[in-house]
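Visitor: Sharing a structure below in structure tokens format, with a few things to ask.
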Amino acid sequence: MEKLVFERPFIKKLNSGMPSKFGLKTRMEPITEIDEVSVKELIDKYGSPLFVISEKTIRKTYKSAERAFSTRYPKVQFAWSYKTNYLDAVCRVFHKEGAWAEVVSGFEYEKALRNNNPGDQIIFNGPDKSRKDLELATANGSLIHIDHFDELYALIDLAEKSEKKPKVAIRINMDTGIYPQWDRFGFNYENGEAWDALNRIMLSGNLDLVGLHTHIGTFILSADAYGKAAAKLADLAVSLERKYNHVIKYIDMGGGFASNSNLKGAYLPGSDTVPGIDEYADAISSALINSAIKPDNLPLLILETGRALIDEAGYLLGTVLANKRMADGRRSTILDIGVNILFTAFWYDHNIRPAQPFSEHSEETAIYGPLCMNIDVLREAVDFPPLKKDDRVVINRVGAYNMTQWMQFITMRPNVVMIDEKGGVHIIRRNETIDDLVSLEKLPPHLK
């Protein structure tokens, strides 16, 4: 008979009877499978920790978002945000679903080209575009979103020496009631800077002004803010047509739609507070349709949403390394998952679940990673069942930003696998080795 694991006795208040303001207590369920593939088998074969991407979830989420907008507005185009997750396999799933590429650096632009995106289906954002980047984007007919006047003047100078006319838009920041206001990027609407930039573009005669762009922030929980932003862009489009008889081809609303992840310090979980994709679609489409833009000139609506399309498709599997008692008696559990690979733990209270059946008991637990740093905290306090060494855990909603903002620090980055729609498992980025890391180093002769 197997010896039972000792569990320290403790006194716990039981919740029963009427629900509190948070509703009835919900029981935590283990996550033992992802798309019908066993978590245990995934870890046994590909190691721990392990990132898992569900292709089925990506496609389902994308189709849902596309349907939400296309049923409300006649011309819609999504552009996949490379900075959110630029693993080639992930990008190509979105491109096969019909998404263009949205990039913010020369590195990402090159990745988009290597993923077989036509130049005119690449949107180039960001404040750091080199002269070489601008020349390449112009030659490929890409959509260049101008971020500041220095970039505008560089493009005007480049256009005089180029055989092709650069296709441009300007990024516009504005007050939509969101705090803090993102005014670091682009030209301001309220102080007239955006209109000044548009006038300079039109008067230069060397640039092809094809669109207007905004990105009001990140993890925006107010759909109405997008309606305000769309209305202001529509006013600029009407002013351009009135003054220059110039009709823009598209309005790009950027991204920033929230996923269902739980923000740190939030009163309620993301599943209760995040607007649905239909709410975002309603706000944006209504603002454009009800604007003074002529029906025959309705622009293409471009969306660059990243997090809301990929977060749900990402999982991070890990293993319990140890359990400890803190000085004040609190329980702590140490996982082999650190903030170096789960960067979003700094702003999300991630949902961490056991990957096998567990005790009915639970207690307040701090969950730490393996790094020799005091900031390596995945959850400061969570009601969690006692797990033993070598038990497995699953963290879900980690598809956004973790595989682009991760760091090689103290531990090396793990395998990333994708489960296809038929249940096949594929390594889409192999784990790092010591040879990978030292191959980039150079020793001076006197140290050899």
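Values quoted throughout were computed directly from the atomic coordinates according to the rules given, and no laboratory measurement underlies them. Since the structure is predicted, the reported quantities are computational estimates derived from the model, not experimental observations. No Cβ is skipped: glycine too gets one built from the backbone with ideal geometry, and neighbour counts run over all protein chains shown.
Visitor: Using just the C-alpha positions of segment 370-448 as equal point scatterers, what log10 of I(q)/I(0) does the Debye formula give at each q in 0.16 1/Å?
Guide: The Cα Debye sum returns log10 ratios of -0.96.
Visitor: Another question, if that's okay. I want to check the label-to-label distance for residue 92 and residue 139. Put each point 7 Å from Cα in the C-beta direction and report it in nm to one decimal.
Guide: 2.5 nm
Visitor: On a full-extension model of 0.36 nm per residue, what is the gain between residue 347 and residue 326, subtracting their alpha-carbon distance, rounded to one decimal in nm?
Guide: 5.2 nm
Visitor: Could you work out how far apart the two model spin labels at residue 405 and residue 268 are, taking each label as a point 7 Å from the Cα in the direction of the beta carbon, and quote it in nm?
Guide: 2.5 nm
Visitor: How big is the Kirkwood radius of segment 70-188, worked out from every pair of different alpha carbons and given in Å to one decimal?
Guide: In segment 70-188 this quantity evaluates to 15.3 Å.
Visitor: What would the Debye formula give as log10 I(q)/I(0) at q = 0.13, 0.16 Å⁻¹ for the alpha-carbon point model of segment 55-311, no solvent?
Guide: -0.80, -1.24
Visitor: Once Lys and Arg get +1 and Asp and Glu get -1 on their Cβ, which of 327, 215, 266 lies farthest toward the positive end of the dipole of the chain?
Guide: Ranked along the dipole, the leading option is 327.
Visitor: From the alpha carbon gyration tensor of the chain, can you work out the equivalent ellipsoid semi-axes (sqrt of 5 times each eigenvalue) and give them in Å, largest to smallest?
Guide: 45, 27, 19
Visitor: Also, quick follow-up: Between segment 367-396 and segment 31-83, how far is it from one alpha carbon centroid to the other, in angstrom?
Guide: Here the two parts' Cα centres lie 25 Å apart.
Visitor: May I ask you to list the residues of segment 181-218 whose amide nitrogen lies under 19 Å from a point 7 Å from Cα along the Cα→beta-carbon direction of residue 375?
Guide: Inside the label zone: nothing.
Visitor: Ranked by Cβ crowding within 10 angstrom, fewest neighbours first, how are 54, 81, 130 ordered? Numbers along the way, then the final one.
Guide: Values: 54 22, 81 31, 130 11.
Sorted ascending by nearby Cβ count, the order is 130, 54, 81.
Visitor: Could you list 434, 216 so that the one with the fewest beta carbons within 10 Å of its beta carbon is first and the one with the most is last? Walk me through the numbers on the way to the answer.
Guide: On the way: 434 8, 216 23.
So the residues, fewest neighbours to most, are 434, 216.
Visitor: Give me, ordered by chain and number, the residues 5 or more places off residue 379 or on other chains with an amide H under 5 Å from its own placed amide H.
Guide: Here the answer is 367, since their amide H atoms fall under 5 Å of that of residue 379.
Visitor: Another one. For residue 388, which lysines qualify as cross-link partners when the Cα separation must be under 28 Å and same-chain residues fewer than eight apart are set aside?
Guide: Cross-link targets: 3, 12, 13, 25, 40, 45, 264, 324.
Visitor: Where in segment 295-382 are there GluC sites (Glu not before Pro) that are in a DSSP coil and have at most 12 other Cβ atoms within 10 angstrom of their Cβ?
Guide: 360
Visitor: Hey, can you list the DSSP H helices of the chain whose Cα span along the axis is 27 Å or longer and whose average Kyte-Doolittle score is at least -1.0? Don't skip to the end; give the middle numbers.
Guide: Values: long enough: 223-244 (32 Å, -0.10).
Sorted by number, the helices that extend far enough and score high enough are 223-244.
Visitor: Please report the spacing between the Cα centers of segment 158-229 and segment 268-334 in Å, no decimals.
Guide: 24 Å
Visitor: How much length would be gained if the chain were fully extended between residue 33 and residue 243, taking 0.36 nm per residue of separation minus their Cα-Cα distance, in nm to one decimal? Present the calculation step by step, with values, prior to reporting the outcome.
Guide: Details: separation 210, 0.36 × 210 = 75.60 nm, distance 5.95 nm.
Extending this stretch completely gives an extra 69.6 nm.
Visitor: Right, here's the next one. Under 5 Å between amide hydrogens, which residues at least 5 positions from residue 363 or on another chain qualify, with H placed 1.01 Å from N in the peptide plane?
Guide: Residues meeting the amide H criterion: 384.
Visitor: Along its three principal axes, how long is segment 297-376 when you only count alpha carbons? Whole Å, largest extent first please.
Guide: Sorted largest first, the three principal extents are 67, 31, 20 Å.
Visitor: Now, a different point. Place a point 7 Å from Cα of residue 164 in the direction of its Cβ. Which residues in segment 170-210 have their backbone N less than 17 Å from it?
Guide: Output list for this probe position: 206-210.
Visitor: Let me spell out the model: positive unit charges on the Cβ of Lys and Arg, negative unit charges on the Cβ of Asp and Glu, origin at the Cα centre of segment 55-311. What dipole size does that give, in debye rounded to 20? Kindly include the intermediate steps, with their values, before the conclusion.
Guide: Values: 30 positive and 34 negative charges, 127 e Å.
Result for segment 55-311 is approximately 600 debye, rounded to the nearest 20.
Visitor: Taking 22 Å as the cut-off for C-alpha to C-alpha distance, list the pairs among 249/294; 129/167; 60/96; 63/249 that go past it.
Guide: 63/249
Visitor: Right, next: Just flag the GluC sites (Glu not before Pro) in segment 179-256 sitting in loop per DSSP whose Cβ has no more than 16 other Cβ atoms within 10 Å.
Guide: Answer by residue number: 190.
Visitor: Sticking with this one: Compute, for the chain, the length of the dipole vector about the Cα centre, with Cβ point charges of +1 (Lys, Arg) and -1 (Asp, Glu) only. Units Debye, rounded to 20.
Guide: 600 debye
Visitor: How high is the relative contact order of segment 55-311, in percent, counting Cα pairs under 8 Å that sit 6 or more residues apart?
Guide: 20 percent
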